[in-house]
1. For the range 154-299, what are the per-bin percents of Cα-Cα distances with bins 5 Å wide, up to the bin holding the maximum?
2. Out of Ala596, Val509, Ala567, whose Cα points farthest toward the positive end of the dipole of the range 506-613 (charges: +1 Lys, Arg; -1 Asp, Glu; placed on Cβ)?
3. In 10 Å bins starting at 0, how do the alpha-carbon pair distances of the range 124-197 split up by percent?
4. Please compute one quarter of the surface area of the Cα convex hull for the chain and express it in square nanometres.
5. Explain nothing, just the number: dipole magnitude of the chain about its Cα centre with +1 on each Lys and Arg Cβ and -1 on each Asp and Glu Cβ, in debye rounded to the nearest 20.
6. Roughly how many Å² is the accessible area per residue of the chain, as a whole number, for a 1.4 Å probe?
7. Probe radius 1.4 Å, ligands and nucleic acids left out: which of Arg346, Arg315, Arg411 has the largest accessible area, and how do the rest follow?
8. With a 1.4 Å probe and all protein chains kept in place, how much accessible area does Glu101 have, in Å² rounded to the nearest 10?
Amino acid sequence: MTGPRRTHEGAARVHDEREIAMTIDRARTIRGAVRVAACAAVLALVGQSATAAVPEQALDTSGTPASLASLAGLRPVVARHAMVVTAQHLATDVGLKVLREGGNAVDAAVAVGYALAVVHPCCGNLGGGGFMMLHLAGGKTVFLDFREKAPLAATANMYLDAAGNVVPGLSTRSYLSVGVPGTVMGLDTALAKYGTMKLAQVIAPAIRLARDGFVLQPGDAKILDRRAAEFARRPNVAAIFLHHGKPYAAGERLVQPQLARTLESIARHGTDAFYRGPIARAIVASSRRHHGILSMQDFADYRARWDRPVSCGYRGYTFLSDPPPSSGGATICEILGILAPYPLARWGYGSVESIHYLVEAERRAFADRNSDLGDPAFVHNDVQRLLSPAHLAALRATIEPAAATPSSAIRGHLGATEGNDTTNFSIVDAQGNAVAVTYTINYLFGNGRIAGDTGFFLNNEMDDFTSKPGVANSFGLVQGVSNAIQPGKRPLSSMAPSIVLRGKKLFMVTGSPGGSTIISTVLESFLNVVDFKMNIQQSVDAPRVHQQWYPDVVFVEPGLLAAAVQARLERMGYRFKVIPSWGADEAILVDPHTGALEGANDRRRPAGLAAGY
């Protein structure tokens, strides 16, 4: 991603390119030093700082800060029958139209998934993957995993040089960063099992939006501008996402004819077009030209898989979320289990006590999260132990009532850094079916590359694996092998599209982008309603707090902490870092008294929309 501008930007870029080239000249993978050395020229063209922190590149901090006072008058969108909430208003319109025409929540979700690939290309995607939580009106809740997979030629040391050090950029900016995409297979799998419409019907709105274009709102243009300088260095990207060589401005029309043709091919031939036909061939050919390892066999072998969600109780509610390879469900449930005995409602939102115990619960759960979880096809995930009353009580007993616990005092393993630029959408239909989907290409616009004339960005999800397992880090901790790279493996994720039940009835649908901050964002969207009695719009807009074990700092959004509260917490040993914003929770709540649906688009996505009928 484009780094901050500097006075001597040109000189700095040349220096960075030399550093990248020198590092990659020493690199090796199991497929030989020739492949990695060839990547040097590709990476050098990017012109990004090899030493820039990945979270700074990936984090979307463009949201407008909110004060506590500004929350008071907020009200959600209310509808009697159905609700759609997405990060882009045109995608919301698409989903709502499908519901009005008799489609169910799954039909609408597939239509929205394809539409977001057109109107929210930073994050909505064909070239990535994700998770779906589906609650059926009859009471059953299921989970669909369409996460990307490592190519068959992937190896545990593919991002290391001859000295065993991680080569900056290989896992984020080269074709070696691309996992086998799962979105198209995931959407088709859901539609085939639980949808009522044909693929051609639900994909048609996305084709029209790509072929005819759409007018950009300020929020759309702002996101496109984030990587405009990098777009300019790739002719096939610039031809689509720059306007006569310059960044798009609000009010201009973005037309994507290449993507329209790709979508038309999927409409005619289904998943075969993407996984066995011309789209797969184009991606594999581009990967080979740029020294990647994707193969046609990788695409032919890809399958989405159904599983059971992680479930836990909290104050009479049932929280249902993703099992591994997502860490989201287990980590949120672990935090809730630690917090359950504490009187958060009495303490109040943003109080010293609430912040203290929430932060300490997050610190301990994140240490567990990074230790043992991974793809269940490769790793035994002892989620039952993590959520057991004995384990939760043991963790709770280590929390000092008036002092922060140093992260160094808690054992665990550091996990891989995740990109924060994902997108989530929530849908409830008139029959009571509910869908929450979070899907991603990892960084904003993935690895910034489009294969040939396919028209969509490719992911850099391989960066979500642990690049260097089994080696002590700077904190003296050893990263576990549970999330190490293996052929055909799915990387661990924090994505957490979630369903909440009150008794046996649907109560809440929630989810967010944000890398590791997804967990705290989704958690707090629930706590704000249940413990702090906010309405759903106030809940998703409220300033947030996040602690992930390491770094040993508490991230906060502006407006959360009163000066006196922050001062007292600092005396207890906390260090704070203010981040303008993170995440974008798109949520729906069902009023338990009236049955009305209340939708809330997060203020951090001004181009988004909650709408119902």
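The values are calculated or read from the model by the stated rules, or taken from the named source; none is laboratory data. Keep in mind that what you see is a predicted model, and the values were worked out from it rather than measured. Quick reminder, even Gly has a Cβ in these numbers, built from the backbone with ideal geometry, and neighbours come from all protein chains shown. Please note that ligands, DNA and RNA were not included when accessible areas were found on the heavy atoms of the full protein model with its side chains. Shrake-Rupley method; radii C 1.70, N 1.55, O 1.52, S 1.80 Å.
1. That works out to 2, 8, 13, 15, 17, 18, 15, 8, 4, 1, 0, 0, in percent per bin.
2. Among Ala596, Val509, Ala567, the one farthest towards the positive end of the dipole of the range 506-613 is Ala567.
3. In order of increasing distance, the bins hold 16, 35, 24, 16, 7, 1 percent.
4. Details: hull surface 98.7 nm².
The orientation-averaged projected area of the Cα hull of the chain comes to 24.7 nm².
5. Working: 60 positive and 52 negative charges, 115 e Å.
So the magnitude is around 560 debye.
6. Working: 21410 Å² over 613 residues.
Averaged over the residues of the chain, the accessible area is 35 Å².
7. Working: Arg346 180, Arg315 105, Arg411 215 Å².
Largest accessible area first, the list is Arg411, Arg346, Arg315.
8. Answer for Glu101: close to 110 Å² accessible.
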